[in-house]
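K.L.:
Pasting a structure below so you can have a look.
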Amino acid sequence: MKKRKYIWGIIAILCGCLVIPAYNYYAPATELDVYECHHHSDDTLRIAMIGDSWVFYHYLFNDTLASKIRQQTGKPVKVNAYGQCGKTSKEVYQSIFNDQSMQTLLSQGADYCFVSVGINDSYKKMGANYYSKSTAYILHFLIKNDIKPILLTIPNYDISYTYERQTTDKKMLRQLSMLITRSQLDCREDYRQALMQELQKTGLENRITLLRFPYSLDYYQSDRMHLNTQGYQMLDSIICACIFQN
C-alpha cells in the first residue's frame, strides 16, 4: 500500500511539473500598472511602431513612411520602430515593461502607435484568449498614455503553407498546442472575433483604429508570411490613410 501511494505521489509530482509550465505558457499576459510616457507640445508628429517581425523589418521604410506623412501634413514627422521577430502578443506586452529598448521608445512619447501582433499567436496556436487579452493590454497601455493605437488585425498570410514548411517536431508541437488551446489550423478568424469581443467588453473598441491588410502573394516574400518591398509600400499607404482619417 505504501509503495502504491509512493508511486502515485511521484506521478502527481511529474504531472504537476508538466501541467503548471504548460498552463503558464498558454496563459495570457497579466496586466501591469501603466507607467507614464512623455507628452510633447510641439508640432512634430510622432509615430511609434511596436510588435513582431513585420515591425522589425520595417526599419528600411521608416524614413519613407515619415516622408509620406510629412507631405500630407506639412509637419515634421518622426517614425521610430521596435520589432521583435517571433514574439507573440503576450511577449510584446511584457517587453513594454522588461525590455529597455521598448521602454525607451515608448517613454519618449508618440501621437500614434502602429501595433503588429497576432501573426505568431496564430502561427504557434497560442489560443484566442491568450491573443485577445494580451493584445487588449497593449492597447490599454497606449490609450492610458494618450497614444492613439493603430492595430493590424491578424493578416491573411498563407497559414497552411507556413505549417507545411515546418519540421516534423514543430508540427507535433503545433498539433499539441491546437489540442490544448482548441485552435484550428487556420485559427485567425476565431482569434479576431475573440479580440473584438474583448475590445467591446473593455470599452476599447471605439478608441482604436483597426488596420486590415489585403492579401496578395505579390506583397509577400517566398515564405508567404513576411512582407516584401511592395508589401511594405502597401502597408505604409494604409497606415497613412489611418492617420489622415483621424
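K.L.:
Tell me which of these Leu195 doesn't satisfy, since it passes every other one: (1) closer than 28 Å to Asp236 by Cβ; (2) not in a helix (DSSP H, G or I).
P.N.:
Leu195 satisfies all of (1) closer than 28 Å to Asp236 by Cβ; (2) not in a helix (DSSP H, G or I) except (2).
K.L.:
Considering only residues of segment 111-144 that are in a helix (DSSP H, G or I) and aromatic (Phe, Trp, Tyr), which is farthest from the chain's Cα centre (by Cα)?
P.N.:
Within segment 111-144, the match that is farthest from the chain's Cα centre (by Cα) is Phe141.
K.L.:
I've got another one for you. Working only within segment 178-188, note down all residues that are surrounded by 13 or more Cβ atoms within 10 Å (Cβ to Cβ) and in a helix (DSSP H, G or I).
P.N.:
Result: Met178, Ile180, Thr181, Arg188.
K.L.:
Just to be sure I understand, how many residues within segment 191-217 are aliphatic (A, V, I, L, M) and either free of Cβ contacts under 8 Å to residues at least 40 places away in the same chain or more than 24 Å from Tyr137 (Cα to Cα) (or both)? Write out each step before concluding.
P.N.:
Going residue by residue through segment 191-217, those that are aliphatic (A, V, I, L, M) are 194-196, 199, 204, 208, 210-211, 217.
Narrowing further to those that are either free of Cβ contacts under 8 Å to residues at least 40 places away in the same chain or more than 24 Å from Tyr137 (Cα to Cα) (or both): 196, 217.
Here the count works out to 2.
K.L.:
Mind listing whichever residues of segment 65-90 are among the hydroxyl-bearing types (Ser, Thr, Tyr), surrounded by fewer than 19 Cβ atoms within 10 Å (Cβ to Cβ) and in contact (Cβ under 8 Å) with a residue 24 or more places away in the chain?
P.N.:
Thr73
K.L.:
Restricting the search to segment 35-63, which residues are surrounded by 14 or more Cβ atoms within 10 Å (Cβ to Cβ), more than 18 Å from the chain's Cα centre (by Cα) and not in a loop (DSSP other than H, G, I, E, B)?
P.N.:
Across segment 35-63, the qualifying residues are Leu45, Arg46, Phe61, Asn62.
K.L.:
Another one. Out of the residues in segment 1-40 meeting the condition of being at pLDDT below 90 and small (Gly, Ala, Ser), tell me which one is farthest from Thr209 (Cα to Cα). Before you say what the answer is, go through the steps one by one.
P.N.:
If we filter segment 1-40 for residues that are at pLDDT below 90, which is where we start, we get 1-24.
With the extra rule that they be small (Gly, Ala, Ser), the set shrinks to 9, 12, 16, 22.
Working: Gly9: 52, Ala12: 48, Gly16: 42, Ala22: 33 Å.
So the residue we want is Gly9.
K.L.:
Right, here's the next one. Going by the structure shown, is Lys133 among the basic types (Lys, Arg), closer than 18 Å to Gln184 by Cα, crowded, with 18+ Cβ neighbours inside 10 Å and touching a residue at least 12 places away in the same chain (Cβ under 8 Å)?
P.N.:
no
K.L.:
Continuing with the same structure: Tyr161 - would you say it is modelled with pLDDT of 95 or more, hydroxyl-bearing (Ser, Thr, Tyr) and closer than 16 Å to Gly51 by Cα?
P.N.:
No.
K.L.:
Quick one: what pairs do we get from segment 218-229, first residue under 16 Å from Val55 (Cβ atoms), second of a type in the set (D, E, K, R) and not in a loop (DSSP other than H, G, I, E, B), C-beta under 9 Å, 6+ apart or different chains?
P.N.:
So the pair list comes out as Asn228/Asp218.
K.L.:
Among the listed residues Pro149, Pro155, which satisfies the condition of being part of a strand (DSSP E or B), of a type outside the set (Ser, Thr, Tyr), at pLDDT 95 or above and more than 18 Å from Tyr25 (Cα to Cα)?
P.N.:
After ruling out the rest, the residue left standing is Pro149.
K.L.:
Output the number of the condition that Gln230 fails; it satisfies all remaining conditions of (1) assigned to a helix (DSSP H, G or I); (2) under 20 Å from the mean Cα position of the chain (by Cα).
P.N.:
If we test Gln230 against (1) assigned to a helix (DSSP H, G or I); (2) under 20 Å from the mean Cα position of the chain (by Cα), just (2) comes out false.
K.L.:
May I ask you to verify whether Gln175 is of a type outside the set (Val, Ile, Thr), surrounded by fewer than 20 Cβ atoms within 10 Å (Cβ to Cβ), over 20 Å from Cys242 (Cβ atoms) and out of contact with any His (no Cβ under 6 Å at 6 or more places or on another chain)?
P.N.:
Yes: the conditions hold for Gln175.
The values are calculated or read from the model by the stated rules, or taken from the named source; none is laboratory data. Keep in mind that what you see is a predicted model, and the values were worked out from it rather than measured. So basically every Cβ, Gly included, is an ideal-geometry build from the backbone, and we count neighbours across all protein chains shown.
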